[in-house]
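Trainee: Take this structure first; my questions come after.
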Amino acid sequence: MKLPSFITGLWGWLRRPSGRALGSLLLVGFVGGILFWGAFNTGMEMTNQEQFCIGCHEMQVNVYEEYVTTVHYNNRSGVRATCPDCHVPKDWTHKMVRKIQASKELWGKAIGIVDTPKKFSDHRLVMAEREWARMRKTDSQECRNCHNFEYMDFTEQKSVAGRMHASASELGKTCIDCHKGIAHRLPEDYEGNDAISQALQVMPQGASHR
């Protein structure tokens, strides 16, 4: 069966495009790639905003209400650590990995795993331990974007804090080993034996660790 001439002509053009046609295709592809990349990154940054994070009522009525009472939200220096500052890596590759991992949480929302305060409380330990493990794996990278042993002058810190930070640095400990529950309260069924975390958990605005 003989194909219509316009089809055979189109096929021939696609197989052997002229220099002008090839240049046009490359230009369209280049511009299209820029537009796609710009739209992709814009969408990515939109998901990296605090308002996006608390768009789900599960976050807003539970951990967010705890967070706004802490020095990470309101403090004398005016520097605020928002949700993505603590929970999303800054470098692109690890950020993408974290976003893909977080996409699994959409299923949990769809079936209502933590859609009530009671359910959230029941699952808080599981969620907390998962996040603590992630932070240990990265040596608390998100914490160290602002707080780094290498830049600390322990002599300028409160006496207990200075001693503890110096000791932690020598022992190779990472931030989350001691600083659990500082932006969100510890799970009620948490049985960790680290008294430091118990002492440091969610402190009101203006309070300080001496």
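The values are calculated or read from the model by the stated rules, or taken from the named source; none is laboratory data. Computed from a prediction, not measured in an experiment: that's the story for all the values here. With ideal geometry, Cβ positions are generated from the backbone for all residues, glycine too; neighbour counts draw on all protein chains shown.
Trainee: Looking at Ala133, Ala128, can you tell me which residue is in contact with a Pro (Cβ under 6 Å, 6 or more places away or on another chain) and either modelled with pLDDT under 90 or closer than 17 Å to His184 by Cα (or both)? I'd like the intermediate steps shown before the answer.
Mentor: Details: Ala133 fails: in contact with a Pro (Cβ under 6 Å, 6 or more places away or on another chain).
Every option except Ala128 fails the conditions.
Trainee: Looking at (1) farther than 27 Å from Pro117 by Cβ; (2) modelled with pLDDT of 90 or more, can you tell me which one His184 breaks?
Mentor: Checking His184 against (1) farther than 27 Å from Pro117 by Cβ; (2) modelled with pLDDT of 90 or more, the one that fails is (1).
Trainee: Has the range 57-80 got at least one residue that is over 23 Å from Arg185 (Cβ atoms) and at pLDDT 90 or above?
Mentor: Of the residues in the range 57-80, the ones over 23 Å from Arg185 (Cβ atoms) are 77-78.
Filter once more, keeping what is at pLDDT 90 or above: 78.
Checked against the condition, which is being over 23 Å from Arg185 (Cβ atoms) and at pLDDT 90 or above, the range 57-80 yields at least one hit.
Trainee: May I pose another question? Scan the helices (runs of 4 or more DSSP H) fully inside the range 14-98 and keep the ones with 3 or more residues being surrounded by fewer than 13 Cβ atoms within 10 Å (Cβ to Cβ). Even if it seems obvious, please write down each step before you answer.
Mentor: Details: elements: 19-46, 50-53, 57-60, 63-67, 83-87.
Where helices (runs of 4 or more DSSP H) fall fully within the range 14-98 and carry at least 3 residues being surrounded by fewer than 13 Cβ atoms within 10 Å (Cβ to Cβ), they are 19-46.
Trainee: How about the range 157-192: which of its residues are of a type in the set (S, T, N, Q), assigned to a helix (DSSP H, G or I) and either out of contact with any helix residue (DSSP H, G or I) (no Cβ under 6 Å at 6 or more places or on another chain) or in contact (Cβ under 8 Å) with a residue 24 or more places away in the chain (or both)? It would help to see each step written out before you state the result.
Mentor: Filtering the range 157-192 down to residues of a type in the set (S, T, N, Q) leaves 157, 159, 167, 169, 174.
Those still in the list that are assigned to a helix (DSSP H, G or I) too: 159, 167, 169.
Ser159, Ser167 - these are the residues of the range 157-192 that are of a type in the set (S, T, N, Q), assigned to a helix (DSSP H, G or I) and either out of contact with any helix residue (DSSP H, G or I) (no Cβ under 6 Å at 6 or more places or on another chain) or in contact (Cβ under 8 Å) with a residue 24 or more places away in the chain (or both).
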